[in-house]
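The values are calculated or read from the model by the stated rules, or taken from the named source; none is laboratory data. Note that the structure is predicted; figures quoted are calculated from it, not measured. Because the Cβ atoms are built from the backbone with ideal geometry, glycine has one as well, and the counts that use them run over all protein chains shown. Note: accessible area is taken over every heavy atom of the protein model, side chains too, but ligands, DNA and RNA are not part of it. Shrake-Rupley method; radii C 1.70, N 1.55, O 1.52, S 1.80 Å.
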Amino acid sequence: MKMSRSKLIGLVAVVAAVGIVGAVLAWRQAQPEPEVPVPPAQPTVVTGYLGGEKISLFDDDQFQSLATDAGLSVSYKKAGSLAMMDADLTGMDYLFPSSRAAVEYGATKGVTSSDQDIVFNSPIVVYTYRDVADSLVASGLVSKEGEVYHLDAAAAVQAMAEDKTWADLGWASGYGQFRIDSTDPTKSNSGNEWAALVATMLNGGSPATVDSIERDKDTILAIFSKSGWMETSSEDSFAQFLTLGEGSKPMMVGYESQILDLAVNEPDLYAQAKDDVVIAYLTPTVWSTHVIMPLDDAGVQLRDFLKSDAVQRLAWERHGFRNASYAAAGSTEQFGVPGVVDKVGAAVELPSTDAMNRLIDLLANKH
Amino acid sequence: MGTTQGGERKGVRGGEHRRGRAAVPVVLLALLVMFGGAFLALSLSACGTDASETETGDSWSAPNADDVETIGDVSVITMGKTQKFTPKDPTAATLVIASGSENKEAKSAIAIACAQSGVTVEMHYMGSVDIKNLLASGADGYDAVWPASSIWISMGDTQHLVKDTQSTSTTPVILGMAKSMATELGWYTPGQTTSVPTADIVRAVQSGKLAFSMTSATQSNSGASAYLAFLTALAGKDTPLTADDLESATLQDSMRDLLSGVDRSSGSSDWLKEMVVANPDQHRAMINYESLVIAANKELTEAGADPLVAVYPADGIAVSDSPLGYIDRGQGNEEVFSKFQEALATDDAKLELERAGRRTGLGGKLAHADDAQVQAAFDPDWGITEDASVLRTAPMPAADVMTQALNLYQSTLRKPAYTIWVVDYSGSMEGAGKEGVTEGLRLALDPAEATRYMIQPSDYDLNVFVPFNHSVIDTEFATGADTQDLLALAEDTSATGGTNMYIGLEAALQYLPKDEDAFTVAIILMTDGQSDVDDKDDFMRQYQELGRDVPIFPIMFGMADSSQLEPLAQMSDGKVFDGRSGDLAQTFREVKGYN
């Protein structure tokens, strides 16, 4: 292909212009965020309640050093997203739950923040073992496209409602009834969102309502009673899933971010789990929306810091959190985790605040 | 002093006891619900050595240390229920850890982690339920927790103090039993691992072919797990127990029958192992961690005795995940903690954990399966398998159901306790000694008081009170929770005269129940141990001639002298407790955990 001299000059100019603009943008990007102040001699100490799944981010040396640059000394107390709304807030600068439902639950308890903002998103997924997932393909509960596993949420809920055993569904060495474990839905967010999804699936896929929950309450209680003991933190439940193995925890609800975080930050542990543990994306799923709720000025400073590009990038690349508009701030391949999707499929809306409160109440009081 | 002749009192002797007074457990249950926060300071003072107060060395190199040894460059000093690991060049502050007793077997790994991190570690051994209560009360004085299972952290950490929890290793709860017993039950094939459904274990107990020891369900994780797994199996369920299940009279009766097969109870998993090792012919089976069955077998083999055979419940009992977590009370020891935690997760430390019979790979796998000592620990000839699929957990009930089930155990389902309290009222016990004794009796026997610590008497328990000085002063019997007269007598008896503890113990032998299988029997001797009359040999001969498996648990008070007490405990597979310093409630909880 031939190109005229003028066109060539034009192209070179365009390339050069793009390059300059890009360089300027990159240079700007590399500059400190305008809203982040020059570090004062005494950093602002900021502490609050943090959902367990974000602890690895907050403990990250790179996160801490970015915070120091921003003049912050960030600390936390671990608490479930719902539990933190009922906790003693004395001396706390922020709450950082993992869902809008938790924020709304807080509002009903008089816990509000006028400065709140969405910081991250992560889809609720089911963690399981390759042999378990593969054996459930034949019954249609699980589907597999290449490396990616999907779990049919409606079919799973129906199988639990019908007291199907693992063997009924194709996993012969599973003991007892088919169940998907989660954290305590009355205390921790991942369990809470799972409960919302269960109630929504029982309502034919439309967001559950106070009425539909009333109608389906026995089934909802029966499904959750299959798990019995439940951890109160998503971090602990994921750790237990990995530690105890498929004999104790064949399937566990969690956040997509958890395995990505593990792969980056605990490569030795991940290497042990890599061949066995798989992510099953729920179809449909629900999004866990991580909302920062500043309670004072220090909390507002933390919010601005969390929203900065540097933290957003770090949160994806090293901890697997998708951004406020549900996108990955980078490639999925960098994690070396098989079966991670670029774009998460269909998600359901969370039920209304009234319906969520009824659901929590039902699961807490068993009636 | 307000005493009456023993013979004229209720005259409950031997195995007679009343059954079925239903109202009492309900009240106890209600009280238990309230006990959460109330536990507070009581359990702490005994072991609450504040990190900041504890300077390296001094208070620890006290001459009465039970045991001093060196592992690598780390000195390990054992004093009672506490163990201190000091590296040669301590570079960091001291870490005070509330730990399950099973971690005594992880000594080498802890020493390696101390050497690598430069951290000095104080291990305070206690039951899982104690750890739960400790957390609920704020864990003053402690930097970290290390129970057998995460469940106890989740249940106790109502103040959100614990963070950075990581599992250090896993080990399943299994049955270890004499080869002859396993063979008779058809559960032993040389070189193979036996997996038996829990329902079959239940049937073997019901048919009288299997009697076993386990820890107290209300004091220790392995006992609690086994109890809950058996309840689930008896309920015929493959889903977790519910509150409704627990109401069933049929279920309660079958569980009571099953627990009647418990031949000894214990407050701690590690002591249970020691008891079996000390007398394998008497205690032929135990429910315990795989790692402690391995530890027992190493000791038995070394002593030239037959090792136990491991039997794995096919549907699972429970898995210990041994989590180590930091307690954030604002004391600023995080860095010291993470140094130690990281050092405990290195290959060197994990190798030692696996040599001690723990599993450190994910999902119950061995990370060092090629190491000769690890292979020796997971010996197929003992029925032990390194296969990760044996890590199975029976479905655990929800937290509220679990609390309810444990309470049911203590107040009505466990094998009734028949306890003979032989109490020194000699002149030397006047003052602090007598105060300690009466307070201790109250903590153990006053139903309202004891319920707070889950050691309350059941309707079927029997208590015999034998106060003595140079002779037996009196005798008082109490049935079930009706302990007021006994406690009043303990209060009203004055401490005077000389000491002859053997005359008190001889009286206790006469009060043993005729049907000893119906009870967990124990003689608890509370004394300052300064008997002026040394009839030891005479008494020991009498005890041995009786030929019954009754432990003597001496509790030291006043100016105690343990030299007269140790032989009694050793002869009877008992244990000496210290009631002199610190927290009496803690001591009595522990004593009651053994009976």
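Shape call for region B:194-251 from the C-alpha gyration tensor, a ≥ b ≥ c root eigenvalues: rounded (a/c under 1.5), prolate (a/b greater than b/c) or oblate? Can you show the working numbers first?
Details: a/c = 1.64, a/b = 1.19, b/c = 1.38.
Because a/c hits 1.5 or more and a/b fails to exceed b/c, region B:194-251 counts as oblate.
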With the dipole of the protein assembly as shown defined by +1 on each Lys or Arg Cβ and -1 on each Asp or Glu Cβ, the option from B:I455, B:T250, A:F238 whose Cα lies farthest towards the positive pole is A:F238
Averaged over peptide B:321-334, how many Cβ atoms belonging to another chain are found within 10 Å of each residue's Cβ? 1
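At a Förster radius of 35 Å, what calculated FRET efficiency corresponds to the Cβ-Cβ distance of B:A448 and A:S75, to the nearest 0.05? Please list the in-between numbers first.
Details: r = 42 Å, r/R0 = 1.19.
Using R0 = 35 Å, I get an efficiency of 0.25.
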For the ranges A:274-287, B:99-112, what's the packing order if you count other beta-carbon atoms within 10 Å of each residue, average per peptide, and put the highest first? B:99-112, A:274-287
Measure out, as a whole number of angstrom, how far apart the alpha-carbon centroids of region B:441-488 and region A:112-184 sit. 54
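So for each of B:357-370, B:567-580 I average, over its residues, the number of other beta carbons within 10 Å; can you give me the resulting order with the highest mean first? Write down the numbers at each step before the final one.
Details: B:357-370: 21.1, B:567-580: 19.4.
Descending packing order for the listed peptides: B:357-370, B:567-580.
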What nm distance separates the two modelled labels at A:D61 and A:D296, each placed 7 Å from Cα along Cα→Cβ? 3.2
Placed amide H near B:D578: partners under 5 Å, 5+ positions off or other chain: B:M556
With label points set 7 Å from each Cα along the Cα-to-Cβ direction at B:K514 and B:V533, the distance between them in nm comes to 2.9
Output wanted: per-residue J couplings in Hz (rounded whole) for region B:190-201, from phi through Karplus 6.51 cos²θ - 1.76 cosθ + 1.60, θ = phi - 60°, x for Gly and Pro. x, x, 10, 8, 9, 10, 10, x, 4, 4, 5, 4
Could you rank the peptides B:477-486, A:109-118, B:130-139 by their average count of other C-beta atoms within 10 Å per residue, with the highest value first? B:130-139, B:477-486, A:109-118
Which whole-angstrom value gives the distance between the alpha carbon centres of region B:269-312 and region B:150-210? 14
In nanometres, what is the gap between the two model label sites at B:D347 and A:E349, each 7 Å from Cα along Cα-to-Cβ? 5.5
Counting sequence-distant residues (5 or more places) and residues on other chains, those with an amide H built under 5 Å from that of A:Y149 are A:Y281
When the dipole is taken about the Cα centre of region B:233-351, and only Lys, Arg (+1) and Asp, Glu (-1) are charged at their Cβ, what size is it in debye, to the nearest 20? 220
Work out the mean other chain Cβ neighbour count within 10 Å for the residues of B:386-392 and drop it here as an integer. 3
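Before we go on, tell me the buried accessible area for the B/A pair, both chains summed, 1.4 Å probe, in Å² to the nearest 100. Could the numbers behind the result be given before it?
Working: alone 21710 and 16440 Å², together 35450 Å².
Adding both sides of the contact gives about 2700 Å².
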Read phi for every residue in region B:281-294 and hand back ³J(HN,Hα) as whole Hz from Karplus 6.51 cos²θ - 1.76 cosθ + 1.60, θ = phi - 60°, with x for Gly and Pro. 6, 7, 10, 8, 8, 9, 9, 7, 5, 3, 5, 7, 5, 4
Virtual paramagnetic centre 7 Å along Cα→Cβ of B:D257, amide N under 19 Å, in region B:188-203: B:197-203
Can you give me the C-alpha center-to-center distance between region A:242-282 and region A:313-348, rounded to a whole angstrom? 16
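Classify region B:340-399 as rounded, prolate or oblate, taking a ≥ b ≥ c as the square roots of the eigenvalues of its Cα gyration tensor: rounded when a/c is under 1.5, otherwise prolate if a/b is larger than b/c and oblate if not.
On the way: a/c = 2.56, a/b = 1.18, b/c = 2.17.
Since a/c reaches 1.5 but b/c is at least a/b, the shape of region B:340-399 is classed as oblate.
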Name the residue from A:G48, B:T346, B:L406 whose Cα lies farthest towards the positive end of the charge dipole of the protein assembly as shown, charges +1 on Cβ of Lys and Arg and -1 on Cβ of Asp and Glu. A:G48
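About its Cα centre, how strong a charge dipole does chain B have in debye, to the nearest 20, once Lys and Arg get +1 and Asp and Glu get -1 at the Cβ?
So the magnitude is around 1380 debye.
Quick one: if the Förster radius is 22 Å, what FRET efficiency do B:E545 and B:D306 give, using the C-beta to C-beta distance and rounding to 0.05? Can you show the working numbers first?
Working: r = 27 Å, r/R0 = 1.25.
So, using R0 = 22 Å, E works out to roughly 0.20.
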Residue-normalised 222 nm signal for chain A, counting each DSSP H run of n ≥ 4 as -39,500 (n - 2.57), nearest 500 deg cm²/dmol, is -13000 deg cm²/dmol
Which is farthest toward the positive dipole end of the protein assembly as shown among B:T91, B:L134, A:T289, measuring Cα position about the Cα centre, with Cβ charges +1 (Lys, Arg) and -1 (Asp, Glu)? A:T289
Cα-based reach from B:K237 at 17 Å (exclusive), listing lysines while leaving out same-chain residues under 8 positions away: A:K164, A:K226
Given H placed on each backbone N at 1.01 Å, which residues far from A:Y129 in sequence or on other chains put an amide H within less than 5 Å of it? A:V278
So which residue, out of A:S257, A:S73, A:S99, gets the largest mean-square fluctuation from a GNM of chain A using Cα contacts under 10 Å as springs? A:S73
With +1 on the Cβ of every Lys and Arg and -1 on the Cβ of every Asp and Glu, the dipole magnitude of region B:506-595 about its Cα centre, in debye rounded to the nearest 20, is 340
A student applying the Cα gyration tensor rule (rounded when a/c is under 1.5; otherwise prolate if a/b is larger than b/c, oblate if not) would label region B:456-578 oblate
Residue by residue through A:171-178, how many Cβ atoms from other chains fall within 10 Å of the Cβ on average? 3
Taking only protein heavy atoms and a 1.4 Å probe, what accessible area per residue, in Å², does the protein assembly as shown have with all protein chains in place? 37
Which ³J(HN,Hα) values, rounded to whole Hz and listed in residue order, are derived for region A:351-357 from phi using the Karplus coefficients 6.51, -1.76 and 1.60 in 6.51 cos²θ - 1.76 cosθ + 1.60 with θ = phi - 60°, glycine and proline given as x? x, 5, 4, 4, 5, 4, 5
